[in-house]
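The values are calculated or read from the model by the stated rules, or taken from the named source; none is laboratory data. Since we're looking at a predicted model, the values are computed, not measured. Please note: Cβ atoms are built from the backbone with ideal geometry, for glycine as well, and neighbour counts cover all protein chains shown. Note: accessible area is taken over every heavy atom of the protein model, side chains too, but ligands, DNA and RNA are not part of it. Shrake-Rupley method; radii C 1.70, N 1.55, O 1.52, S 1.80 Å.
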Amino acid sequence: MSVIAVIGSQWGDEGKGKVVDFLSERADFVARFNGGNNAGHTVINEFGTFKIHLVPSGIFVKKTVGLIGGGVVIDPAVLIEEIEMLNKAGVNVDGRLWISPRSHMIMPYHKILDGLYEEAKGAGATGTTRRGIGPVFADKVSYNGIRWTDFSSDTFEGRLQTQLEIKNKIIVALGGEALKYKTVRDEYRGYYGKIKPYIKELFSIVQDGLKMGKTFLLEQAMGTFLDNDWGTYPFVTASTTIPSAASAGLGIPPKYITSVIGVTKAYTTRVGAGPLPTEIHDTASDVYKKFGEVAATTGRTRRVGWLDLEIVRTAAELSGMTEICLTKLDVLSGLKEIQFCIGYKLNGKPVRYADVDAYGLDKVECIYESFPGWSEDISKAKSFEELPVNTQKYVKMIEEAAGVPVKWIGVGPKREETIRR
Ligand code: GDP
Ligand code: IMO
Ligand code: MG
């Protein structure tokens, strides 16, 4: 049996979707345990190109069973659209996708409040995806949330009425427009009708699976440094993203987690506000253009930077990483020199990530080293030995710095563009 957590070791968008898709061939269960549709996971395989927000990225392998745990927050409209999109692409999820009745629903007021809070914060805004994530998790922990189970216990209408009374006051005070009870009620009743066949308590599914020695692939959303506790607070997301979240979010006891794969981009990106010590600001530079990406959920431009090994090392320690999957190594081809940050200094003294808060991290000075690059296109390489010597050196340097072996290397966005070592 194995329970494998796939986590991003930076600020999200490391390529988790691709990695989960190719690893799912050996999985019985593929599961999401945290976050919501703020996630955008890109999968490119024989069915097409997908940007997935809620359904586990391992769903394309037909023998897998997909689970969306109670730790996930769900915008029903997005989920319905995603299920329909998958069914249309020939990936039938009926009878093999189960959603926890414990999961919270993102309500229209969560999305409105997300936007109003961001605007009210002005220059101090987080740069959220505006999908209602912060407000829905705030409601969850303050006992104001609405879950799928509220439909079966006939508590949906009463809870919605109470929440609308509270939320409308805040919305109006912040300059927004009050929501109408009947409109929201009817909209969500409609969603429930469509999603009901997929709702099932996951407790025995998970427990039986563990007892039978099945393989679980746990797909984290966001990255280690967007974690609400360990990330660059307040420039983080609302959920816990480190592997321990899988325990609460799915009901898997921590002792069952056998490996933690750290998906690590060969450089760094970040979307939204917050510190990014290795950030490249010269938008006209070749390296900026090379690293440039568009966010899968919001279409925003991702901020870019050199690889930060203090970040990867901290992620490895925090999550008990057992292997690294290095992604986007192909993107570095053609650079004359590759820089990377090996540590930080603040006021002339060495500091680690955990010694400073987000505002301190914004002030650290990066200690850089560099390697000569390689000019060869590596996207067709099938083995580590085929890679240019300088590429191999870069990989070896990363595993030494992180203290974790690099077991897979991504040389392109497609499922098969992956080298196993
Ligand atoms: P996720 O949120 O961690 O699943 O990552 P995203 O899908 O948001 O962003 C990763 C981007 O990198 C996507 O456009 C992927 O298709 C792409 N990608 C993933 N791995 C590789 C790789 O090894 N090489 C290249 N060139 N692209 C990759
Ligand atoms: P995946 O799973 C990158 C960022 C937002 C913002 C902060 C808070 O695709 O890696 P939120 O909407 O969660 O309240 O926004 O977190 N963020 C992500 N950045 N990838 C993601 O997901 C992200 N999910 C949230 O940009 O800075
Ligand atoms: Mg993403």
Between a first residue in the stretch 129-145 that is at positive phi and a second residue that is more than 16 Å from ligand 3 (Cβ to nearest atom) and open to solvent by 40 Å² or more (accessible area, probe 1.4 Å), which pairs have beta carbons less than 9 Å apart while being 6 or more apart in sequence or on different chains? R130/K111; G132/K111; G132/I112
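Pick out, from the stretch 150-268, the helices (runs of 4 or more DSSP H) lying fully within it that include 2 or more residues that are touching a Pro at 6+ places or on another chain (Cβ under 7 Å) and more than 30 Å from E14 (Cβ to Cβ). Quick ask: steps written out before the conclusion?
Details: elements: 156-173, 181-195, 203-211, 245-250.
Output list reads 181-195.
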Identity of the residue in the stretch 19-48, outside any loop (DSSP other than H, G, I, E, B) and within 10 Å of ligand 3 (Cβ to nearest atom), that ends up surrounded by the fewest Cβ atoms within 10 Å (Cβ to Cβ): T42
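Among the listed residues F22, F47, identify the single one that is of a type in the set (F, W, Y), within 13 Å of ligand 1 (Cβ to nearest atom), over 29 Å from T149 (Cα atoms) and more than 12 Å from the chain's Cα centre (by Cα). Even if it seems obvious, please write down each step before you answer.
Values: F47 fails: within 13 Å of ligand 1 (Cβ to nearest atom).
Only one candidate qualifies: F22.
Going by the conditions given, is G12 part of a loop (DSSP other than H, G, I, E, B) and not acidic (D, E)?
Details: part of a loop (DSSP other than H, G, I, E, B): yes; not acidic (D, E): yes.
Taking the combined requirement at face value, the residue satisfies it.
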Looking at K51 and the list (1) open to solvent by 10 Å² or more (accessible area, probe 1.4 Å); (2) within 16 Å of ligand 3 (Cβ to nearest atom); (3) within 23 Å of R189 (Cα to Cα), which single condition is not satisfied? (3)
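For the stretch 385-399, indicate whether the set of residues that are closer than 30 Å to P350 by Cβ and outside any helix (DSSP H, G or I) is non-empty. I'd like the intermediate steps shown before the answer.
Of the residues in the stretch 385-399, the ones closer than 30 Å to P350 by Cβ are 390-399.
Okay, now just the ones that are also outside any helix (DSSP H, G or I), so none.
No, because not a single residue in the stretch 385-399 is closer than 30 Å to P350 by Cβ and outside any helix (DSSP H, G or I).
Which of the following residues is surrounded by 17 or more Cβ atoms within 10 Å (Cβ to Cβ) and away from ligand 2 (no atom under 16 Å from the Cβ): S100, S57?
Values: S57 fails: away from ligand 2 (no atom under 16 Å from the Cβ).
The conditions single out S100.
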Taking the residues in the stretch 355-371 that are of a type outside the set (S, T, Y) and touching a residue at least 60 places away in the same chain (Cβ under 8 Å) as candidates, determine which candidate is most open to solvent (accessible area, probe 1.4 Å). D362
With the structure loaded, tell me whether L346 is buried (at least 19 other Cβ atoms within 10 Å of the Cβ) and more than 16 Å from ligand 2 (Cβ to nearest atom) or whether it fails that test. no
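Would you please name the residue that is nearest to S57 (Cα to Cα), looking only at residues in the stretch 91-123 that are in a helix (DSSP H, G or I), of a type in the set (G, A, S) and in contact (Cβ under 8 Å) with a residue 12 or more places away in the chain?
The selected residue is G115.
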Quick check on my filter: what residues within the stretch 135-165 are of a type outside the set (F, W, Y), touching a Phe, Trp or Tyr at 6+ places or on another chain (Cβ under 7 Å) and open to solvent by 20 Å² or more (accessible area, probe 1.4 Å)? Q161
Please state which one of T322, T327, T298 is under 20 Å from G15 (Cβ atoms) and more than 16 Å from ligand 1 (Cβ to nearest atom). T322
Filtering the stretch 1-18 down to residues that are over 9 Å from the mean Cα position of the chain (by Cα) and buried (at least 24 other Cβ atoms within 10 Å of the Cβ), which residue is farthest from P413 (Cα to Cα)? V3
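To keep it simple, each residue is scored yes or no on (1) charged (D, E, K, R); (2) out of contact with any Asp or Glu (no Cβ under 7 Å at 6 or more places or on another chain).
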position: P275; (1), (2): no, no
position: S285; (1), (2): no, yes
position: T297; (1), (2): no, yes
position: R302; (1), (2): yes, no
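Restricting attention to the stretch 59-82, does a residue exist that is within 13 Å of ligand 3 (Cβ to nearest atom) and assigned to a helix (DSSP H, G or I)?
Restricting attention to the stretch 59-82, the residues satisfying the condition of being within 13 Å of ligand 3 (Cβ to nearest atom) are none.
The answer is no; no qualifying residue exists.
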